[in-house]
1. Only Cα pairs under 8 Å and at least 6 apart count here; give the relative contact order of the chain as a rounded whole percent.
2. Taking θ = phi - 60°, what integer Hz values does the Karplus form 6.51 cos²θ - 1.76 cosθ + 1.60 yield along segment 119-128, in sequence order, with x for Gly and Pro?
3. List the lysines whose alpha-carbon lies under 19 Å from that of residue 123, not counting same-chain residues fewer than 8 positions away?
4. Taking the simple approach of a point 7 Å from Cα along Cα-to-Cβ for both residue 124 and residue 80, what is their distance in nm?
5. Just grab the label-to-label distance for residue 33 and residue 107, each label 7 Å out from Cα along the Cβ direction, in nm (one decimal).
6. Amide H to amide H under 5 Å from residue 126: which residues, 5+ apart in sequence or cross-chain, H placed 1.01 Å off N in plane?
7. List the extent of the Cα atoms of the chain along each of their three principal axes, largest first, rounded to whole Å.
8. Can you work out ³J(HN,Hα) from phi for every residue in segment 96-105, in order, using Karplus 6.51 cos²θ - 1.76 cosθ + 1.60 and θ = phi - 60°, giving whole Hz and x for Gly and Pro?
Amino acid sequence: MTDFTQGISIDGIEYLVPFVSIKRDAAFLHKTAERPEDGDLYCELIGVYYNYTMSFGTIDDVGLYEKLYDHLTQPIEFHDFTLPTSRGTYSFKGYISSVSDEMEKILEDTVKFKALTCKFIAKVPARRPGE
């Protein structure tokens, strides 16, 4: 039995794991942005991309940790993510730009890790001008 009622889903696989932090960043991406000599900014906004930095809590189950780490470091272009939000969940397609962790304990037959952190970058905008 797990103590967690929400987790994350990556490519349809649910991971019920503890979180320390889920940081959301709304990045505004412009197709063009330039300032002519008059100093006025001219730009064309493509949209707003919701990107996430996730820091996981301690995952005591070594097998579950390895399964999640292997999934996060899979060398593929894009994943389908579903994350918890104040409105239920948010699903998007994106890529993982980085994954990091650190060794916590070196045991006789295994190593326990902590501080697993990853960054998810959206493939398409969550919001577009005029929507």
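1. Dividing the mean separation by the residue count of the chain yields 26 percent.
2. 10, 9, 10, 5, 7, 10, x, 7, 9, 10
3. 23, 31, 93
4. With each label point 7 Å from Cα toward Cβ, the separation is 1.3 nm.
5. Here the answer is 4.8 nm between the modelled labels.
6. Here 48, 49, 50 satisfy the definition.
7. Principal-axis extents of the chain (Cα, largest first): 68, 30, 25 Å.
8. In residue order, the calculated couplings are 9, 8, 6, 9, 9, 7, 9, 5, 9, 9 Hz.
Read-outs: derived from the displayed coordinates by stated rules, not from any lab. Quick caveat: nothing in here was measured; it's all calculated off a predicted structure. Note that each Cβ is placed from the backbone with ideal geometry, even for glycine, and that neighbours are counted across all protein chains shown.
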